[in-house]
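Below is one structure, written out as structure tokens; the observations come after it.
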Amino acid sequence: MNKNYKKNKLTINIALALSLGTTPLVMAQQQDNGDNDIETIMVTGSYIKGTPEDAALPVEVIDMAELQDRGNPTVLDIIKSLAITGPVLGDSNQFVTAAQNRIGGGSINLRGLGPQRTLVLLNGQRIQYGQVDTNMIPMAAIARIEILKDGAAATYGSDAIGGVVNIITRDDFNGFEIAADHRFVDGSDGDSTLQFTYGWSGENNNLLLSAGYQHRSDLPVVERDWADTPRDVNPTSYSVFGNPGSLYTLGADFSGTGPYFGYTADANCEPLGGENGFIYGVPLCYWSYAKVLNLVEEENRYQVYAEYNHALTDSTNLKFDALYAVNETPELRSSPSYFPLQGPNGPGSFGVFYTLMNNPGAVTALQQAGYTQEQIDATAFINLNIWRPFALSGNPTDGGLGGAASEREYTLQRYSLGLDGDFGNSMQWQLSAMYSRDEAFARTPDILINRLQSALLGFGGSDCSGMTPGENGCEFFNPFSNAIASNPVTGNSNPGFVADLANSDSLNAWLFDDILQEAISDYLVLEGVITGELDWGMSGGMPEYAVGLQYRSLDYDYQPLNANSNAEINPCPVEGQTDCAFKTGPFIFQGQTVPAMLSETVRAVFAELNLPITEDFNLQAAIRYEDYGGQTGSTTNPKLSLKWQPAEWLTLRSSVGTTFRGPTPGNRASSGQTLLTGIAAVGNAYKAVDMYGNPDVGPEEAFTYNLGTVFNWGNFSASVDYWSYELEDQIVTVPANIIATSVAGVGDGSQLVNCDSSLRDLIVFANNDTCTPGVTIANDITRVRSDTTNGPTVDTSGVDMTVNYLLEGVGAGDLRFNLVVSHVAEYEQEAFIYNDVLVSEGYDAVGYANYDRLPGTISEWRGTAYAQYEMNAHTARVSLNYIGSVEDNRGPTVAQTDFNLAGCTLVNASDPGCKLIDFGLQVDSFQSVDFNYTYDWSDLNTQFSVAVLNAFDEDPSAARLELSYDPSIGTPYGRTFKLGFRTQF
């Protein structure tokens, strides 16, 4: 018999007990009575102590042994492997609609209801305000992760709609531990982890110290052939706003008509790696900004965790823990520069910037474009119509493969203090206080409007003085392709490059300024709980109760860190100006920050009752009242759970209740911020989306129920649960894509818009917000307003299944099988009506990508399965991971291949010269097979692990997104190898 059998049997018993339910709060307590039966265990879902047989709710547990058997995955890897989650990112957070909140963040999205509706706890207490980044917690400090797959607002309050994830730390470790691993990734420097843990236990106290460091290397798009697609295969990342761009020449009288004037294409497009083309007769240059991007961004994570427990008296205990963590993305790659959404005269991306013929690059540009000397002599102005300052040249200020480099940094400090004791044998008390400070910093470079226009006229540079263009320290910015030496991605040299006409590095850098933003959340949670037994005679045992109070307060400070980022200081295109018709800010593309200082106070009272009516029938009841004050008001949420065990091998369980999530201070703020979103109406090109809060937004509530059964027959165990959620008044922003599509349809941007649309007022068009029927096209959209509101009802339901089987005595070891499957039967969004206007019809999101609508990708099936063989010191596992296919609900699009045509739409897609694009119309399922081997060298207290992840090198399926795959289904890594070790002293 395997020498680890006793340990393994105990692990199985714990896992089975946890699958049967939920009992109290944080720490698992085990007592070995000789046959490894568990007398008492405390897990997520209730404040009442009890035994696992008293439980009634579905809980999934991933303990430390399981983590080691998986090859020590990251927290993000664990999250993505859960069958019960919806869209989860982390590899790339730039280009999909699932609300992940943070670049590189490891948020959890149970049931696909959104990360904001999954409550994440650390040792039974809230971690921080809002969505939790689980990457902030050092893996070495984690003993297990418990996942309550049921709504739990009656117990924990707001945010616990989809479920609860409770991360439990190691409080029983003695000694010193070092762990390290490295993941080898083709095309990247790979990912590395280093962890240190120290534990000490005395007679009445114990201490845990843990520190972790993780480095994730960037993975450029060009390192994966499937991600670097031609325009007629996947046009999503291709833009016509480039450099080389489309020019518009005018005479001295501003005339744009006649044989000499009008549109022309700047030369050297194809030599630099672009593609010449036309839209409605306008010559232009298609280019892909995806080539300069990363599939995976570089990240550095630092974490330090400390925990101290002390028995003050025989009946009083103290617990203190502290967490400090930093997650930084030093070079978040984006387009070399953004195209102009606004210029000196307000919004508009066509012709908002211009230069004169005294610009040193102007004459050469027109010569290379084929102009005669007579035509050049007649030209006075050159409007830079379909253009951006830097494109195929790359960004000359930020290195890399030419992409501009932004920066993100998140810092979390968290402190928790708890006291618990008892008043006697039948009553206990708990007091706790948690304080966290969450700081988020963002730096995003963009070009300033007045600097760009000044430089185009010869007054550029930080040393510019005087009134003569190009003199006294003043420089011209050459906006034409003759200033570009080569393409840094492809290496293409430009035959039209003229070295004397190149822009200086100092001038290029002077054009830019940084949008600097900082958000700080100070969060305090105070809680008191009394638990005990009631002296009621019940055949199943003594009834138990819990009553408590909770106080939560938040101070939220959202500030711009420089004047150009501040909409209250520089609201206009010209720095220092405050009285302009269109307050678009001083940047050509990015928006600004409105300073905000918000606060919130929540008070709650709650109670629970556990009634062991008989030895086979148990009832648990809970109720919670929360008061937000003000316009939001209060809510009361009850929950009832039942467990019946008609036979020793069979358990039936059910629960029913309501859950709740209150609006955040940001939801209620009248001001907002500006984000960038790919808009389907303009070929998924990015447009500015102005997000606004709503003081009148109300809470959202959900009715949930769960029906389940658990089988336990010898070495076989299984559970099946049916779950259902009805979410009403969900707090959402009116989707920018839906607004734009309702006004302009779906296309490449050349299609006409409906100026009479009921949602037209939520869009700002070019030419000072002018919308002319029969003239204005989708590409004229410059900004979309997205307001916070209470949205449509969501109904979602499905089935979870878990199967375990242990086959003992296979050779010299044991063979274990596990299967976890989750099926989403429905995810129906009712019709969305905003201000009495139908925004969108109702739809069922299951099996669709939902890139342009809520809730993001929803696969019908998700699952994992493994077979694991254990023999003495050897453990080998083969795992299969599966995420089901989805259909792109947006349908096909078109690409124009014959540029003699006026344009291509879905209506004339069958015409010669138009190509119907069905790339990614069906996002196929993703299956990956992982191999893990672990050797436990017990003499040295050391463990070695080897893993082959995605062993058969499965590429992600095609998806019509910028990076050509759906990161909520597939992974860009391909086959990778991971080596690790863990040793204890």
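With the contact rule set at Cα under 8 Å and sequence spacing of 6 or more, what percent relative contact order holds for the stretch 375-519?
Relative contact order comes out at 24 percent.
Once the Cβ-Cβ distance between residue 844 and residue 713 is put in as r, and R0 is 25 Å, what FRET efficiency do you end up with, to the nearest 0.05?
Working: r = 37 Å, r/R0 = 1.49.
With a Förster radius of 25 Å, E is 0.10.
Order the peptides 929-935, 787-793, 493-499 from the highest to the lowest mean number of other Cβ atoms within 10 Å of their residues.
In descending order of packing, they fall as 787-793, 929-935, 493-499.
Relative contact order of the stretch 258-415, please, whole-number percent, based on alpha carbon pairs below 8 angstrom and at least 6 residues apart.
About 28 percent, as a whole number.
Given the stretch 282-408, report the % of alpha carbon pairs whose separation exceeds 19 Å.
Details: 5541 of 8001 pairs.
Pairs farther apart than 19 Å: 69 percent.
Give the order of 512, 477, 196 when sorted by the count of other beta carbons within 10 angstrom, beginning with the fewest.
Starting with the residue having the fewest Cβ neighbours, the order is 196, 512, 477.
Grab the Cα-Cα distance for residue 951 and residue 66, subtract it from 0.36 nm times how many residues apart they are, and report the gain in nm with one decimal.
Numbers: separation 885, 0.36 × 885 = 318.60 nm, distance 2.01 nm.
Net length gain for the segment: 316.6 nm.
Taking 7 Å along the Cα-to-C-beta vector as the label spot, tell me the residue 810-residue 772 distance in nanometres, rounded to one decimal.
About 7.5 nm, to one decimal.
Looking at the chain, which longest stretch skips every one of the GluC sites (Glu not before Pro) that is in a DSSP loop with at most 16 other Cβ atoms within 10 Å, leaving the sites themselves out?
Counting only loop sites that pass the neighbour cut-off, the longest clear stretch is 204-470.
If eta is 1.567 mPa s and T is 4 °C, what Stokes-Einstein diffusion coefficient results for the stretch 517-597, Kirkwood Rh from Cα pairs, in µm²/s?
Value of D from the Cα-based Kirkwood radius: 75 µm²/s.
What FRET efficiency comes out for the pair residue 803/residue 599, r = Cβ-Cβ distance, R0 = 45 Å, nearest 0.05? Intermediate values should be presented prior to the final figure.
Numbers: r = 49 Å, r/R0 = 1.08.
The value I calculate is 0.40.
On a straight-distance basis, which aspartates and glutamates could pair with residue 643 in a cross-link, Cα separation under 14 angstrom, same-chain partners fewer than 8 positions away excluded?
Cα-Cα hits under 14 Å: 53, 54, 615, 616, 721.
For the chain, what is the calculated [θ] at 222 nm in deg cm²/dmol (nearest 500), taking -39500 (n - 2.57) for each run of four or more DSSP H residues and dividing by its residue count?
The per-residue figure over the chain is -2000 deg cm²/dmol.
Which of the trypsin sites (Lys or Arg not before Pro) found in the stretch 894-985 are in a DSSP loop and have at most 13 neighbouring Cβ atoms, other than their own, within 10 Å?
Working: sites: 915, 960, 975, 978, 982; in loops: 960, 975.
Passing sites in the stretch 894-985 do not exist.
Straight-line reach from residue 915: which aspartates and glutamates fall under 13 Å, measuring Cα to Cα and dropping same-chain residues less than 8 apart?
232, 748, 898
Take the alpha-carbon positions of the chain, form their convex hull, and give its projected area averaged over all directions (one quarter of the hull surface) in nm².
Averaged projected area of the chain's Cα convex hull equals 40.7 nm².
List the relative contact order of the chain as a percent without decimals, with contacts defined as Cα pairs under 8 Å and 6+ residues apart.
That works out to 11 percent.
Could you pull the Cα extents of the stretch 153-261 along its three principal axes, largest to smallest, in whole Å?
Result, largest extent first: 95, 44, 32 Å.
Which ordering of 121, 838 is given by a fewest-first count of other beta-carbon atoms within 10 Å?
Result, fewest neighbours first: 838, 121.
Taking a virtual spin label 7 Å from the Cα of residue 186 along the C-beta vector, which residues in the stretch 940-982 bring their backbone nitrogen under 15 Å of it?
Backbone N within reach: 948-956, 971-978.
Read-outs: derived from the displayed coordinates by stated rules, not from any lab. Nothing here was measured: the structure is a model prediction, and the numbers come from that model. In this analysis, Cβ positions are derived from the backbone assuming ideal geometry, glycine residues included, and neighbour counts consider all displayed protein chains.
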